[in-house]
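Inspection log for the structure reproduced underneath, given as structure tokens.
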Amino acid sequence: MTALKVEQSGAKIIDGKVVAKKMRADQKAQVELLQAKGVTPGLAVVLVGEDPASEIYVSRKVKACEAVGIKSISYRLPATISNEELLVLIGKLNADQNVHGILVQLPLPKHIDMAKVLETIAPEKDVDGFHLYNVGALVVGRQIFPPCTPYGVMHLLEYSDIPIEGRNVVVVGASNIVGKPMALMLMARDATVAICHAKTRDLGQWTMLADILVVAAGVPNLIVSQMVKTGAVVIDVGINRLPDGRIVGDVDFEGVRKKASYISPVPGGVGPMTIAMLLENTIISAQRFAASDI
């Protein structure tokens, strides 16, 4: 398949919902194999406070776990919980052999030391891939778990048979959660990568160089068609709610799809893959536990 050829009807849509659904069938089979060995993958989900968006994200993750047979244990904690109390809970989850993955839903209340919380999660249970060990180990390709969102992007590219080696890739957004690990994963696949951010001058001059453009800036419709090379692959990681209630990405979808070869929509592109990779990491953790217990 030639990934950089523009179809007459416009870009091919990279549908994350379809890919995630196909992954779920395989994940369910993997869980059943583990259960036959007496191990049920367990994911502990910790939600602090009552942030509406976090509530939605957690409910989606719990529902996805149920669909493949992963046991999810939810801990809904008041926003007033102390830093020490939260760390004690994580310590107990680290020691619980029925818990193979720990996810602390972000953001946390301002009085909570987020860095300390993430560092307290055992690296071998850090299925979100946010522990300092996992983030730093990306540099040398030895992470225990890759961060779920960039991992999902890589899976979408692979599923769509889009070549990465030797391609010019531009990542717009330099966050620790998406932009930086995304660049490291792409470099590990021998892509030539440039990272742009809020202070990059003449952003369009950089994005026009991209064979593959990954946008994770959190700015609605930041990327318009004039900023995209004809035939580029465009992956939109952004998710923004407009005043009228509509959810849009960082890319002007309707404009860019006429010029790109492949494009991921928002919603329905990268979002479903983030959850799919969380399940994948949890299952892998349970498989490691089962292997060590033999």
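Let me know the longest stretch in the chain that avoids all GluC sites (Glu not before Pro) found in a DSSP loop with at most 11 other C-beta atoms within 10 Å. Numbers along the way, then the final one.
Values: sites that count: Glu7, Glu50, Glu165.
By the stated rule (loop sites, at most 11 other Cβ atoms within 10 Å), 166-294.
In nm, what is the difference between 0.36 nm times the number of residues separating Thr80 and Leu106 and their Cα-Cα distance?
Value of the extension gain: 7.8 nm.
Hey, what do the phi angles of the stretch 206-214 turn into as Karplus ³J(HN,Hα) couplings, whole Hz, using 6.51/-1.76/1.60 and θ = phi - 60°, x for Gly and Pro?
Karplus-based 3J(HN,Hα) across the stretch 206-214 equals 7, 5, 5, 7, 7, 6, 10, 10, 10 Hz.
May I ask for the angle, rounded to the nearest 10°, between helix 270-292 and the longest principal axis of the chain, with both axes built from Cα atoms and the value confined to 0 to 90°?
40 degrees
Roughly how many Å is it from the Cα centre of the stretch 113-155 to that of the stretch 199-273, as a whole number?
If we compute the Cα centre of each part, the gap is 25 Å.
Once you have the Cα-Cα distance between Gln226 and Arg246, take 0.36 nm times their residue separation minus that, and quote the gain in nm to one decimal. Show your work: numbers first, answer last.
Details: separation 20, 0.36 × 20 = 7.20 nm, distance 2.36 nm.
Between Gln226 and Arg246, full extension yields an extra 4.8 nm.
Could you compute the net charge surrounding Pro78? Neighbours are other residues with a C-beta less than 12 Å from the C-beta of Pro78; K and R count +1, D and E count -1.
Neighbour charge sum, excluding Pro78 itself: -1.
Relative to the first principal axis of the alpha-carbon coordinates of the chain, what is the inclination of helix 179-188, with its axis defined by its Cα atoms, in degrees from 0 to 90 and to the nearest 10?
Value to nearest ten degrees: 80.
Rounding to the nearest 10 and keeping the result within 0 to 90°, find how far the Cα-based axis of helix 148-159 lies from the longest principal axis of the chain.
That works out to roughly 50 degrees.
Can you work out the FRET efficiency for the pair Ala290 and Lys92, with r the C-beta to C-beta distance and R0 = 25 Å, to the nearest 0.05? Intermediate values should be presented prior to the final figure.
On the way: r = 22 Å, r/R0 = 0.87.
After rounding, the FRET efficiency stands at 0.70.
Out of the stretch 166-218, which trypsin sites (Lys or Arg not before Pro) are coil in DSSP terms and have no more than 14 other C-beta atoms within 10 Å?
Numbers: sites: Arg167, Arg189, Lys199, Arg201; in loops: Arg167, Arg189, Lys199, Arg201.
Sites meeting the loop and neighbour criteria: Lys199, Arg201.
Working out 0.36 nm times the residue gap between Lys37 and Asn176, then minus their Cα-Cα distance, what length gain in nm do you get to one decimal? Intermediate values should be presented prior to the final figure.
Working: separation 139, 0.36 × 139 = 50.04 nm, distance 3.70 nm.
Working it through step by step, the gained length comes to 46.3 nm.
No value in this document is a laboratory result; all are computed from the given coordinates. Nothing here was measured: the structure is a model prediction, and the numbers come from that model. When we count neighbours, we look across all protein chains shown, and the Cβ atoms used for this are built from the backbone with ideal geometry, even at glycine.
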